[in-house]
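Written out below as structure tokens is the structure these notes cover.
Please treat every number below as a calculation from the coordinates, not as lab data. Note that this is a predicted model, so its numbers are computed, not measured. FYI the Cβ positions are ideal-geometry reconstructions off the backbone, even for glycines, and counts take in every protein chain you see.
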Amino acid sequence: MNFSKHASNYNFTRMYAHIAEEDGAFAVRVRLLNHLNNDECAWGEEIAATFDLASTMIGALASEFSIPQACISIKIVMNRFKDGTIH
């Protein structure tokens, strides 16, 4: 996800992410906003081949806009959550 071209002048303070397993891939939907200025918001969607790549996308956006971990909300929807975990 490349928000930097369109949102370089924005100061995002919150991130809401949704990772959903769909047809063997993962849809990553993200909403970024500034809780102090409701006019500053952006959203987007990308497809990731793996859950690790989806997680990396979210981490990269948080890092790019300096959003602290406490200000990130992630919802994960998987068909079989145990398939993507290491035991």
Over every pair of different alpha-carbon atoms in segment 4-79, take the mean of 1/r and invert it; report that Kirkwood radius in Å.
-> 12.7
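By per-residue mean of other Cβ atoms within 10 Å, what is the highest-first order of 27-37, 44-54?
Highest-to-lowest ranking by the protection proxy: 27-37, 44-54.
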Where Lys and Arg each count +1 and Asp and Glu each count -1, what net charge lies around S73 among other residues with Cβ under 14 Å from its Cβ?
-> +4
What relative contact order, as a whole-number percentage, does segment 4-79 give when Cα pairs under 8 Å and 6 or more residues apart are counted?
-> 37
If each K or R counts +1 and each D or E counts -1, the residues other than A17 whose Cβ falls under 9 Å of its Cβ total +3
